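Some notes on the structure that comes next.
The values are calculated or read from the model by the stated rules, or taken from the named source; none is laboratory data. Predicted model only: the values in this text are computed from it and were never measured. Positions of Cβ are backbone-derived with ideal geometry, glycine not excepted, and every protein chain shown enters the neighbour counts. Only protein heavy atoms, including side chains, enter the accessible area calculation; ligands, DNA and RNA are left aside. Shrake-Rupley method; radii C 1.70, N 1.55, O 1.52, S 1.80 Å.
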Amino acid sequence: MSAEDLCGYRPDPLGGRRLRGIASGTEGELMAVVAEEIPDFEGVLMTVPLACVLPRCGARRLRTSLTNVGVLG
């Protein structure tokens, strides 16, 4: 069984690093990367990596595209 088979989670080199959401400006720690299937504009399912970020203020986890986060410092 691969790491990605475990509930859709996959290892990422940014795990545990401080990140900022590019669109929202939210800062937090990368908790996990999940592979989620979402439909495209034609309804065909595609797998997209989503970053699960725990905000610094302790609010609810933010889920956003992995390409929509930047490393702090």
Go through region 32-56 residue by residue and tally those that are open to solvent by 80 Å² or more (accessible area, probe 1.4 Å) and closer than 13 Å to Arg18 by Cα. 1
Residue hits (region 12-31; out of contact with any Gly (no Cβ under 6 Å at 6 or more places or on another chain) and open to solvent by less than 30 Å² (accessible area, probe 1.4 Å)) are Leu19, Gly21, Gly28
Taking first residues from region 53-66 that are more than 15 Å from Gly15 (Cβ to Cβ) and at pLDDT below 85 and second residues anywhere that are surrounded by 12 or more Cβ atoms within 10 Å (Cβ to Cβ) and charged (D, E, K, R), the pairs with Cβ under 6 Å that are 6 or more apart or on different chains are Arg56/Glu27
If we take region 18-61, then strands (runs of 3 or more DSSP E) inside it with 3 or more residues that are touching a strand residue (DSSP E or B) at 6+ places or on another chain (Cβ under 6 Å) and more than 17 Å from Gly73 (Cβ to Cβ) are 27-39, 45-55
